[in-house]
Amino acid sequence: MQESKIIKNLLKKLLKQPIYNFPQRGEKLGASTQKGVYLIRNQKKQILHVGQTPRAQYGIKQRLSNHLQGLSSFVYCYFEGDGDKLRTQKCSYQCLPVEQSRRRALLEAYAIGCLCPKHIGGK
């Protein structure tokens, strides 16, 4: 199968994944520890951010935890560095483990292009 078709199919699969709310303080984040691609949505289910896990040792779970702790450029730009707003503004996430690093990068880029997250180019 052509690589472009594989990436398109991965995006379809990502969009069909369950949507999970960010946990409240004291609750555990139930995301996968595998590397992959994820979407962050606002309360209206609009996509705010598309990300991947190129280096995260504990995969998607670690990267989403970083966002909750305010340790990401997305949270810095969109939530003024306050990762807790992911909870208080009832944001949610979807994720898809993707083993191959090239496919993760291509899926992230394709998803950004197709879904045009709200934070690109300003709020």
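Things to note:
- Vicinal HN-Hα couplings computed from phi for region 96-105 (Karplus, 6.51 cos²θ - 1.76 cosθ + 1.60; Hz; Gly/Pro x): 9, x, 9, 5, 7, 4, 5, 5, 4, 5
- Label sites at Gln17 and Cys114, each approximated as a point 7 angstrom past Cα along Cα to Cβ, lie 1.4 nm apart.
- The trypsin sites (Lys or Arg not before Pro) of region 1-97 that meet both conditions, a loop assignment by DSSP and at most 12 other Cβ atoms within 10 Å of the site Cβ, are Lys16, Arg25, Lys28, Lys44, Lys45, Arg55.
- Note on Glu108: accessible area approximately 40 square angstrom, rounded to 10, probe 1.4 Å, nucleic acids and ligands left out.
- Estimated vicinal HN-Hα couplings, Hz - region 63-72 in sequence order (Karplus 6.51, -1.76, 1.60; Gly, Pro = x): 5, 5, 4, 4, 4, 4, 8, x, 9, 7
- Backbone phi angles across region 7-14, fed through the Karplus curve with coefficients 6.51, -1.76 and 1.60 (θ = phi - 60°), yield HN-Hα couplings of 5, 4, 5, 5, 5, 4, 5, 4 Hz in residue order; Gly and Pro are listed as x.
- Counting only protein chain heavy atoms and rolling a 1.4 Å probe, the accessible areas of Ser101, Ser92 rank, largest first, as Ser101, Ser92.
- Selection from Gly51, Leu86, Gln69, by position along the positive dipole direction of region 35-110 (Cβ): Gly51
- Each Lys and Arg contributes +1 and each Asp and Glu -1, all at the Cβ; summed about the Cα centre of region 55-119, the dipole is approximately 180 debye.
The values are calculated or read from the model by the stated rules, or taken from the named source; none is laboratory data. These figures come from a predicted structure and were not determined experimentally. Positions of Cβ are generated from backbone atoms using ideal geometry, with glycine treated the same way; all protein chains shown enter the neighbour counts. Note: areas computed on protein heavy atoms with side chains; ligands, DNA, RNA excluded. Shrake-Rupley method; radii C 1.70, N 1.55, O 1.52, S 1.80 Å.
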